[in-house]
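Heads up: the structure comes next, in structure tokens.
The values are calculated or read from the model by the stated rules, or taken from the named source; none is laboratory data. Please read all numbers here as calculations on a predicted model, not as lab measurements. Note that we place each Cβ from the backbone using ideal geometry, even for glycine, and neighbour counts take in every protein chain shown.
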Amino acid sequence: MTDISKYNKLIRILGILAVLLLPFYLVIKTYVSADVSKSTKAEYTGVETCIECHQPEYNDWLQSHHNKAMDHANDETVLGDFNDVTFEAQGLRHRFFQKDGKFMVNTDGADGTMQDFEIKYVFGYYPLQQYLVEFPGGRLQTLALTWDCDRNKWYHMADYVYADQKPIQSDNWLHWTNQAQNWNSMCADCHSTNLKKGYDHVTDTYNTTWSEINVSCEACHGPGSKHLEWADLPEYAQEDIPNYGLVVKTSGIDHTEYVNNCIRCHSRRASLQDFDHHAGSIYDHVIPNLPENPTWHIDGQILEEDYVYASFMQSRMHMKEVQCNDCHNVHSGKLLFGNQGTQYNQLCAQCHVPDIYDTPEHHFHKTEGMEGEALISEAGIKMDVGSGALCVNCHMHGQNYMGVDYRRDHSFRIPRPDLTMKYGVPNACNQCHTDETPQWSENHITEWFGKSRRFHFAQTFSAAQDEDTAAVKRLEIIANDELYPMNIRALAVQHLGTYFQDSLKNQLDNYLHNLDPTMRVAAVRADQLQSEDDIKRLLPLLSDETKAVRTEAYRILMGVGKDNIPVNYQKTYEKVKEEYEEVLKYNADFPVGKFNLGNFYYNQGMTEKAVEHYKKALKQDKELHFVKLNLAHCYNRLGDNNKAALLFSDYLKNEPTDANAMYSFGLLLSEMKRYDESLEMLEKSYQADATRPRVAHNIGMMYDFKGDKVKAEAYLKKEVQLMNDYNSNAGLLQFYLNNRMQQKALPLAHKMLTDYPEASQDLNPVIQQLERN
């Protein structure tokens, strides 16, 4: 046999073997692949399981603030000075020391007395470090006494964050021992991995757990057990496992999906439940806040603790598909080229041509090395000569939070001193040139770039808040224009709902069924239930794919009562009610959360449970005076009007200009037969706000009851002037008839017949009777 014959024979044999073995290979491949992709959820395995294959990423992560987000307090992790030092703040002398190897602080406790507390955990790393103290009920509380890592000194958070208030006493909600500084609810979910809050709303206690104390690999990539199984497969079996067995996709996705991976921590938001990486949408866990007053400036600039998501969503960068890792190493958190001088500009030069933008002809500032004097910015940062030539200082200016933490606004905006002059918003020019006026800055902008200014949505939002009807058309344009950021479009819809409800109705269906849940949530909130059509419009949203939209739809519909929900929606309505109740219980560790849960029970007719939660909310935060109004209504429903009256009185001591509360109190006093007090309170309400026809009507009825017909008639006429509809005129007509004032009744009845001919069946007999008399 020739070599060629042997070769051909071998090929045939191998071909036969391949055919015979192919089904076996497919069985093995299918079996092995299926073993990884079983429906069971992936489990958390810990950062140590990642190191072998991902050493460079692990090394980057070791440098990150994520790695140092939280840790046990020990000699290696504690940065503050605990060498028996004292510090005076808030009118008290605090002491930091060590005892038996533990880090200790002597400060004011929950009862206001000075006590020793052990530091159990460090929280954060730079530019400040906070410290956690363990309390009963599973609580960890964040000390207001904070270490400034730049200046190596102690400072008191209240001196900066609450500088406009008196020293924070121990009974204040803001005191470090109370809920505002509670780690479990305020901080934990973004500083540890696989955080389960474990709050029990019945006992008001926590059983908070984590799989890792800091923010590790699985906090972003999701639990890794399926990925480890994938890694152990032979190569031929790996290719059919989606996303390498990882729960979260971080590649092969668009910029919106990529940025959404960061929302749950890098946004100001409302939480719906513990985070679960397996859920389909971020809107199953949180509802990111829209950039609106009072937590943002009217032009969308950062104001309070806003983080970066809502800012970045507004930016041209996001609209041009830029995402976080275009500027940041996502594992170390550091900027790609460093944060020293012109290294900042290298980031921008990835897209913006330096020959055009990194020039004096664009930035009009001195460059590094030129003669001049440094400036001290509004945030207290020294701006050396050359700082004005850095892109970030004009387009990403920021401010200090938590006293010393300077954060840049990620909306990448053009400085607009003209908006400062109109609306009082910041601008980068005057944040550096603090000794100059906005007009000075505006003059320079005009000199360099001309008089023309782009339209800014702040102009429309301001007009809307002034209830200027000229804003309606522009709000509609913003809401429907895809060239605007989605959160600004959603905010335009909310403004339409708040200020121009009638104009919103024409397009609301489109907003309610927008593909983006940001818009759907805003539209649900904007829909004021004024008719059956409004109810029907929201009912399909009870079956929305996201928890945020479903529960918001239920929250709005809850007020109409189950009896007004069509039969074919009853089952869905009840299902979402349970879901909404769980959201409320999850957030009931906050005083406002307890208040919301009380509202839920009040709407369910469970008045005593509502009372229980209202009282808990007030106990937790005595400054929540509005809770007293709801509690008063509960006591009224329960027949205990004396308690209700005391609550109204107490509320009005703290909120003496609330006309609506005065009106409700006046009605309650009337119900209690305290007529003189009732009339006095109703008149106070009318004096505070003379635009409400119903108040005028009740005052008129009270004067009628007391026999003062002149004043009664005067107030009923005021009601007609304010409302001028059939009912208001009918009220005045009835007054004339009851008091036998035929000469006034007859011309009014004839006028009503002319104005409301559809009511002729009711009015004609009255007119005939008056004419006979």
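Here are the numbers for the structure shown:
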| quantity | calculated |
| --- | --- |
| Looking only at region 699-728, and only at residues there that are in contact with a Leu (Cβ under 6 Å, 6 or more places away or on another chain) and within 19 Å of residue 677 (Cβ to Cβ), the one that is surrounded by the fewest Cβ atoms within 10 Å (Cβ to Cβ) | 702 |
| Per-region count, region 302-340, residues part of a loop (DSSP other than H, G, I, E, B), hydroxyl-bearing (Ser, Thr, Tyr) and closer than 29 Å to residue 479 by Cα | 1 |
| Out of 645, 548, sole residue that is closer than 27 Å to residue 184 by Cβ, small (Gly, Ala, Ser) and crowded, with 17+ Cβ neighbours inside 10 Å | 548 |
| Selected residue [among the polar types (S, T, N, Q), surrounded by fewer than 19 Cβ atoms within 10 Å (Cβ to Cβ) and within 19 Å of residue 428 (Cβ to Cβ)] from 443, 480 | 443 |
| Set 156, 227: member being in contact with a His (Cβ under 9 Å, 6 or more places away or on another chain), under 29 Å from residue 281 (Cα atoms) and either buried (at least 21 other Cβ atoms within 10 Å of the Cβ) or without any contact (Cβ under 8 Å) to a residue 12 or more places away in the chain (or both) | 227 |
| Odd one out for residue 638, checked against (1) over 22 Å from residue 698 (Cβ atoms); (2) crowded, with 21+ Cβ neighbours inside 10 Å | (2) |
| Leading residue by the ranking (modelled with the lowest pLDDT) among those in region 109-167 that are over 13 Å from residue 95 (Cα atoms) and of a type in the set (S, T, N, Q) | 165 |
| Residues of region 274-326 satisfying the condition of being at positive phi and buried (at least 16 other Cβ atoms within 10 Å of the Cβ) | 300, 307 |
| Helices (runs of 4 or more DSSP H) wholly inside region 437-547 that include at least 2 residues being farther than 30 Å from residue 364 by Cα | 457-465, 471-480, 486-499, 501-505, 508-512, 517-526, 532-538 |
| 3 or more residues free of Cβ contacts under 8 Å to residues at least 60 places away in the same chain and surrounded by fewer than 19 Cβ atoms within 10 Å (Cβ to Cβ): qualifying helices (runs of 4 or more DSSP H) within region 341-423 | 343-348, 354-357, 360-363, 417-423 |
| Lone qualifier among 660, 630, 642 - being within 24 Å of the chain's Cα centre (by Cα) and in a helix (DSSP H, G or I) | 630 |
| Scan of region 259-315 for residues that are among the hydrophobic types (A, V, I, L, M, F, W, C) and more than 27 Å from residue 545 (Cα to Cα), ordered by number | 296, 298, 302, 303 |
| Enumerated strands (runs of 3 or more DSSP E) restricted to region 134-194, each holding at least 3 residues that are touching a helix residue (DSSP H, G or I) at 6+ places or on another chain (Cβ under 6 Å), aromatic (Phe, Trp, Tyr) and outside the structural domain of residue 78 (by TED's automatic domain parsing) | none |
| Among the candidates 700, 598, residue that is in a helix (DSSP H, G or I), under 26 Å from residue 564 (Cα atoms) and either over 26 Å from the mean Cα position of the chain (by Cα) or outside the structural domain of residue 110 (by TED's automatic domain parsing) (or both) | 598 |
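Per-residue answers, yes or no, for (1) aliphatic (A, V, I, L, M); (2) surrounded by fewer than 19 Cβ atoms within 10 Å (Cβ to Cβ):
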| residue | (1), (2) |
| --- | --- |
| 574 | no, yes |
| 586 | no, yes |
| 591 | no, no |
| 595 | no, no |
| 601 | no, no |
| 606 | yes, yes |
| 613 | no, no |
